[in-house]
Amino acid sequence: MEEFKITTDSSVAIYEGLKKAGINFIVSVPCVNLKKLLNLIDDDPEIKHVPVTIEAEGFGICAGAYMGGKNVAILMQNSGLGNSVNALTSLFELYKFPILMIISQRGSPGESIVGQVPMGKATTKVLDAINIRYYMPKTPSESLELVYKGWNLSKTSLEPFALLFEIRYW
């Protein structure tokens, strides 16, 4: 059984999970909830971080990095999930590439921006429709373990795996 550190900091917990999982290549699309996590990643010389402007581009870059031997993750907001369905199905599902998706789930309970709510309601339905398994960690200590487990499930099954982090998580 793996030992996991106890932390109360939501961003640090995800970062520690990524490190423990051996993730060494991360693509990201900015989100205010991911800001501290992105800073931790940028400060880590063992992780190659590639910021992109659209999620589909990030998935393509991650596919190439995986083929080059990297352990890959994408950090994104759930609003970009709809833009990524083709890349997830036509590229990752078809060619059996693993990827860990760290998704800031905007529009979840506690969201203050009404425009985020529709996609917040649709996120799990989209993942279910394209057969992507996911966890929804509720606490930092739970997320550290689930980031590690999520990558291992993705790597073993050779398919994408998502972790959804609701507003109240942050």
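The values are calculated or read from the model by the stated rules, or taken from the named source; none is laboratory data. Owing to the predicted nature of the structure, the values given are computational and were not obtained by experimental measurement. Methodologically, a virtual Cβ is constructed for each residue, glycine included, from the backbone with ideal geometry; neighbour enumeration extends over all protein chains shown. To get the accessible areas, we keep the full protein, side chains included, count just its heavy atoms, and leave off ligands, DNA and RNA. Shrake-Rupley method; radii C 1.70, N 1.55, O 1.52, S 1.80 Å.
Connecting C-alpha atoms closer than 10 Å in a GNM of the chain, tell me which of GLY60, GLY150, GLY69 has the biggest fluctuation.
Most flexible of the set in this elastic network: GLY69.
Taking the solvent-accessible surface of protein heavy atoms with a 1.4 Å probe, what is the per residue accessible area of the chain in Å²?
Details: 7900 Å² over 170 residues.
Ligands and nucleic acids excluded, the figure is 46 Å² per residue.
Determine which residues of the stretch 65-108 fall in the zone a paramagnetic label at ARG133 would reach in this model, i.e. backbone nitrogen under 14 Å from the point 7 Å along Cα→Cβ.
Taking a point 7 Å out along Cα→Cβ of ARG133, the residues of the stretch 65-108 whose backbone N falls under 14 Å are 98-101.
In the stretch 76-143, which GluC sites (Glu not before Pro) are in a loop and have at most 12 other Cβ atoms within 10 Å, using DSSP for the loop call?
none
At 1.4 Å probe size, with the rest of the protein present, what percent of the exposed accessible area of the chain is carbon and sulfur atoms?
On the way: 4340 of 7900 Å².
The C+S portion of the solvent-accessible surface of the chain is 55 percent.
Is there a pair in LYS20/LYS155; LYS36/LYS138; LYS35/LYS125; LYS48/LYS149 whose C-alpha atoms are over 23 Å apart, and which pairs would that be? Intermediate values should be presented prior to the final figure.
Numbers: LYS20/LYS155 14 Å; LYS36/LYS138 18 Å; LYS35/LYS125 26 Å; LYS48/LYS149 21 Å.
Violating the 23 Å Cα-Cα cut-off are LYS35/LYS125.
Under a 10 Å cutoff between Cα atoms, tell me which one of VAL114, VAL29, VAL126 has the largest fluctuation in the Gaussian network model of the chain.
The residue with the greatest mean-square fluctuation here is VAL114.
Go ahead and estimate [θ] at 222 nm for the chain from helices alone: -39,500 (n - 2.57) per DSSP H run with n ≥ 4, summed, over the residue count, rounded to 500.
On the way: 6 runs with 70 residues, N = 170.
It comes out at -12500 deg cm²/dmol, rounded to the nearest 500.
Connecting C-alpha atoms closer than 10 Å in a GNM of the chain, tell me which of GLY80, GLY22, GLY68 has the biggest fluctuation.
For the chain, modelled as a Gaussian network with Cα springs under 10 Å, the answer is GLY68.
Checking the a/c ratio against 1.5 first, then a/b against b/c, what shape does the Cα gyration tensor give for the stretch 1-131?
On the way: a/c = 1.61, a/b = 1.09, b/c = 1.48.
It comes out oblate by the Cα gyration axes.
Just to confirm the filter: which trypsin sites (Lys or Arg not before Pro) across the stretch 66-165 are DSSP coil and have at most 11 other Cβ within 10 angstrom of their Cβ? Don't skip to the end; give the middle numbers.
Values: sites: LYS70, LYS96, ARG106, LYS121, LYS125, ARG133, LYS138, LYS149, LYS155; in loops: LYS70, LYS96, ARG106, LYS138.
The qualifying sites are LYS96.
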